[in-house]
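Student: Shown below is the structure under consideration.
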Amino acid sequence: MTIDYSDNNPALGALYPEHVQTLAARHDHALEQAGASHAVIFSGNPKIAFLDDYQMPFKPNPHFVSWAPLTTLPFSYIVYTPGEKPVLIYYQPHDYWHVVPGAPDGYWTHQFDIRVVHTIDEVAAHLPAAREKCIVIGEIDDESLAFGIERINPTTAVNILHYARGSKTAYELAVMRLSSQRGASGHAAAEAAFRSGASEYDIHRAYCKAVSHTDPELPYSNIIALNAHGAVLHYTDLDRTAPAEQRSFLIDAGAQVHGYASDITRTYSYGDERFQALIDRMDEMEQSIVNKVQVGVDYRDLHIETHIMLANVLVDAELAHGDAETLLETGVTAAFFPHGLGHLLGVQVHDVGGFMQGESGTVIDPPSGHPFLRLTRVLEEDMVLTIEPGLYVIDMLLENLRGTPAESHVNWVTVDWLRPFGGIRIEDNVRVMNGGRENLTRVAFADRV
């Protein structure tokens with residue numbers, strides 16, 4: 001099956017005008033509350049390595065990318081004025097050292113008044129004359145790039161935009177389905193490489209080839225963890241040689257389409273039936289959590305419920321004993337599962353707004369004892385989030401249970417059995433719906449069959 005990831009995808013083109021209208025309405029509201037007349041969204045500028053002239057990989061301002069699918073366009077600006085067509089100041093330098101951006105092309109171009117400039121100094125002529133009525137949204141580390149606009153990222157406006165970004169437009173959902181399909185193709189290639197006995201580095205290369213990404217194009221650094229490395233939550237070292245014995249493989253890797261990310265995790269056994277049974281049990285648990293996702297659910301409650309469910313898995317697997325509430329209260333479940341259940345997903349992997357109670361920016365704290373939960377909101381329609389429970393042998397955390405009431409609830413012999421396998425994480429990307437949900441990840445994998 002050929003999937004169209006291009007800038008000329010007609011299905012995306014049909015949805016894009018309404019997406020721009022939604023962004024315009026959000027910015028109308030933000031500008032009104034900020035007492036401003038124009039929003040100037042800066043794409044960003046490349047960063048230079050310390051004591052060198054090397055440019056680090058460019059990461060664009062997500063606010064800019066949400067307007068236009070331009071992830072490799074530094075020194076550019078979008079000027080939005082309520083009631084007017086957005087202006088895109090498209091920076092196309094005269095440069096013989098690098099490949100410069102081509103002529104603007106794609107489904108998105110019709111929504112902008114595009115002004116091509118060849119020097120940064122030319123930008124000023126296309127900005128509103130009344131700079132005092134403007135706000136800038138973006139990272140400005142050189143004040144000259146603000147062109148005299150003094151209000152940079154005013155909290156009143158930015159909070160409104162970040163809170164609203166939690167819910168995705170039909171266009172964004174369509175792009176994220178594509179990024180899930182791209183990610184699923186990479187996961188299939190990575191599993192095949194693992195089954196063939198490849199090293200972590202070679203599995204990573206197989207993944208990148210399948211998704212057609214260079215490392216800087218990935219939405220985040222791939223976690224490619226064989227055996228005990230699966231217990232390192234953000235393992236990115238990538239051994240160049242394969243281990244003497246393949247036991248397990250944990251892959252947390254995503255892909256991006258037009259700046260929108262997928263974030264998928266799977267765990268595989270190399271043939272150990274006992275470990276495979278534990279993977280199957282975690283997969284069953286993960287899907288039961290996904291099936292609880294719908295409008296109105298407090299994500300904090302879902303996180304705590306996950307710990308209760310994990311406690312039962314630990315008991316069934318003979319990793320712990322005791323009732324679920326006791327294992328939760330004594331910290332046993334947190335030692336095996338220390339991270340949060342998930343986070344918002346979109347134009348950023350950990351999309352903004354996950355802690356916001358409303359447009360004012362008031363923060364909703366995570367539950368006591370669970371500081372790493374990145375989403376604490378009540379779920380709303382068309383949010384896209386991850387569900388990613390885990391179970392790991394992290395010696396530092398388990399040793400902290402020694403000498404506490406929790407120690408007697410851990411079956412240390414079974415922990416020793418699991419340690420060489422590292423751990424298990426299963427992660428899907430899920431759209432929140434009224435009375436239900438859409439599992440973008442499972443659909444993407446099913447479409448490959």
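The values are calculated or read from the model by the stated rules, or taken from the named source; none is laboratory data. Source: prediction; values computed, not measured. For neighbour counting, all protein chains shown are included, and Cβ atoms are generated from backbone atoms with ideal geometry for every residue, glycine included. What goes into the accessible areas is simple: the full protein's heavy atoms, side chains included, and nothing from ligands, DNA or RNA. Shrake-Rupley method; radii C 1.70, N 1.55, O 1.52, S 1.80 Å.
Student: Within segment 116-137, can you find the residues that are among the β-branched types (V, I, T) and either in a helix (DSSP H, G or I) or out of contact with any helix residue (DSSP H, G or I) (no Cβ under 8 Å at 6 or more places or on another chain) (or both)? If you could, list the steps in order and put the result at the bottom.
Tutor: Pass one, segment 116-137, residues among the β-branched types (V, I, T): 116-117, 119-120, 123, 135-137.
Correct list: V116, T119, I120, V123.
Student: I'd like to verify a number: residues in segment 328-369 that are farther than 30 Å from T156 by Cβ and at pLDDT below 95, how many? Talk me through it step by step, then tell me what you get.
Tutor: Taking segment 328-369 first, the residues farther than 30 Å from T156 by Cβ are 328-339, 341, 368-369.
Next, only the ones that are at pLDDT below 95 stay: 368-369.
Residues flagged as farther than 30 Å from T156 by Cβ and at pLDDT below 95 within segment 328-369 amount to 2.
Student: Residues V332, V347: which one is over 23 Å from H229 (Cβ atoms), crowded, with 20+ Cβ neighbours inside 10 Å and in contact with a His (Cβ under 6 Å, 6 or more places away or on another chain)?
Tutor: On the way: V347 fails: in contact with a His (Cβ under 6 Å, 6 or more places away or on another chain).
From the options V332, V347, the qualifying one is V332.
Student: Of L373, L391, L397, L401, which residue is aliphatic (A, V, I, L, M) and part of a helix (DSSP H, G or I)? Full working, then the answer.
Tutor: Details: L373 fails: part of a helix (DSSP H, G or I); L391 fails: part of a helix (DSSP H, G or I); L401 fails: part of a helix (DSSP H, G or I).
Step by step, each of L373, L391, L397, L401 is checked, and only L397 is aliphatic (A, V, I, L, M) and part of a helix (DSSP H, G or I).
Student: In segment 370-405, what residues are surrounded by 13 or more Cβ atoms within 10 Å (Cβ to Cβ) and of a type in the set (G, A, S)?
Tutor: Correct list: G390 only.
Student: Please work out if A184 is under 25 Å from L88 (Cβ atoms), open to solvent by less than 30 Å² (accessible area, probe 1.4 Å) and in contact with a strand residue (DSSP E or B) (Cβ under 8 Å, 6 or more places away or on another chain). Break it down into steps so the answer makes sense when it comes.
Tutor: Numbers: under 25 Å from L88 (Cβ atoms): no; open to solvent by less than 30 Å² (accessible area, probe 1.4 Å): yes; in contact with a strand residue (DSSP E or B) (Cβ under 8 Å, 6 or more places away or on another chain): yes.
Answer is no for this residue.
Student: Within segment 1-37, track down each residue that is open to solvent by less than 50 Å² (accessible area, probe 1.4 Å), in a helix (DSSP H, G or I) and within 16 Å of L173 (Cβ to Cβ). Don't jump to the end; show me each part of the working.
Tutor: Applying the first criterion (open to solvent by less than 50 Å² (accessible area, probe 1.4 Å)) to segment 1-37 yields 3, 6, 9, 12-13, 16-17, 19-20, 22-24, 26-27, 30-31, 34, 36-37.
Checking the rest, the ones that are also in a helix (DSSP H, G or I) come to 12-13, 16-17, 19-20, 22-24, 26-27, 30-31, 34.
Those that are open to solvent by less than 50 Å² (accessible area, probe 1.4 Å), in a helix (DSSP H, G or I) and within 16 Å of L173 (Cβ to Cβ): L12, G13, Y16, P17, H19, V20, T22, L23.
Student: For segment 310-321, how many residues meet the condition of being open to solvent by 40 Å² or more (accessible area, probe 1.4 Å) and within 16 Å of T404 (Cα to Cα)? Spell out how you get there, then give the answer.
Tutor: Let us first name the residues in segment 310-321 that are open to solvent by 40 Å² or more (accessible area, probe 1.4 Å), namely 312, 315-316, 318, 321.
When the remaining residues are screened for being within 16 Å of T404 (Cα to Cα), the result is 321.
Selection size over segment 310-321: 1.
Student: Now a separate question. Find all pairs meeting these conditions: Cβ atoms under 6 angstrom apart; at least six residues apart or on different chains; first residue within segment 106-126 and surrounded by 13 or more Cβ atoms within 10 Å (Cβ to Cβ); second residue of a type in the set (A, V, I, L, M) and not in a strand (DSSP E or B).
Tutor: The qualifying pairs are Y107/L12; W108/A68; Q111/V20; V117/V123.
Student: Right, here's the next one. In segment 226-248, how many residues are of a type in the set (V, I, T) and open to solvent by less than 70 Å² (accessible area, probe 1.4 Å)? Walk me through it before giving the result.
Tutor: First, pick out the residues of segment 226-248 that are of a type in the set (V, I, T): 232, 236, 241.
Among the residues that remain, those that are also open to solvent by less than 70 Å² (accessible area, probe 1.4 Å) are: 236.
The qualifying residues number 1.
Student: Which strands (runs of 3 or more DSSP E) sit wholly inside segment 405-449 and have at least 2 residues that are under 22 Å from L178 (Cβ atoms)? Give the derivation first.
Tutor: Numbers: elements: 423-425, 428-433, 436-439.
Because the criterion is at least 2 residues that are under 22 Å from L178 (Cβ atoms), the strands (runs of 3 or more DSSP E) in segment 405-449 that meet it are 428-433, 436-439.
Student: I've got another one for you. Could you tell me whether V297 is surrounded by 15 or more Cβ atoms within 10 Å (Cβ to Cβ) and over 18 Å from I424 (Cβ atoms)? Let's see the steps before the verdict.
Tutor: Details: surrounded by 15 or more Cβ atoms within 10 Å (Cβ to Cβ): yes; over 18 Å from I424 (Cβ atoms): yes.
Yes.
Student: Next question, about the same structure. Would you mind stating whether H258 is buried (at least 16 other Cβ atoms within 10 Å of the Cβ) and either farther than 16 Å from T441 by Cβ or modelled with pLDDT under 95 (or both)? Let's see the steps before the verdict.
Tutor: On the way: buried (at least 16 other Cβ atoms within 10 Å of the Cβ): yes; either farther than 16 Å from T441 by Cβ or modelled with pLDDT under 95 (or both): yes.
Criteria met by H258.
Student: Do any residues in segment 202-231 that are touching a residue at least 24 places away in the same chain (Cβ under 8 Å) and part of a helix (DSSP H, G or I) have Cβ atoms under 6 Å from those of residues that are among the polar types (S, T, N, Q) and open to solvent by less than 10 Å² (accessible area, probe 1.4 Å), where the two are at least six apart or on different chains, and which pairs are they?
Tutor: Going by the 6 Å Cβ cut-off, the qualifying pairs are H204/N222; N227/S248; G230/S248.
Student: Between a residue in segment 149-172 that is within 12 Å of G346 (Cβ to Cβ) and any residue that is open to solvent by 40 Å² or more (accessible area, probe 1.4 Å) and among the hydroxyl-bearing types (S, T, Y), which pairs come within a Cβ distance under 8 Å, given they are 6 or more apart or on different chains?
Tutor: The qualifying pairs are T169/T22.
Student: Sticking with this structure for a sec: Can you tell which of S212, S196 is open to solvent by 20 Å² or more (accessible area, probe 1.4 Å) and at positive phi? Reasoning before the result, please.
Tutor: Details: S196 fails: at positive phi.
Every option except S212 fails the conditions.
Residue-wise test of (1) open to solvent by 70 Å² or more (accessible area, probe 1.4 Å); (2) in a loop (DSSP other than H, G, I, E, B); (3) under 21 Å from S6 (Cα atoms); (4) of a type in the set (V, I, T).
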{"position": "A39", "(1), (2), (3), (4)": "no, no, no, no"}
{"position": "D53", "(1), (2), (3), (4)": "yes, yes, no, no"}
{"position": "F58", "(1), (2), (3), (4)": "no, yes, yes, no"}
{"position": "S66", "(1), (2), (3), (4)": "no, no, yes, no"}
{"position": "F75", "(1), (2), (3), (4)": "no, yes, no, no"}
{"position": "I78", "(1), (2), (3), (4)": "no, no, no, yes"}
{"position": "G83", "(1), (2), (3), (4)": "yes, yes, no, no"}
{"position": "H94", "(1), (2), (3), (4)": "yes, yes, no, no"}
{"position": "V99", "(1), (2), (3), (4)": "yes, yes, yes, yes"}
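Student: Out of the residues in segment 350-369 that are of a type in the set (V, I, T) and in a loop (DSSP other than H, G, I, E, B), which is most open to solvent (accessible area, probe 1.4 Å)?
Tutor: In the first step, residues of segment 350-369 are kept if they are of a type in the set (V, I, T); the result is 352, 362-364.
Those left that are additionally in a loop (DSSP other than H, G, I, E, B): 352, 362, 364.
Numbers: V352: 36, T362: 64, I364: 27 Å².
Here the answer is T362.
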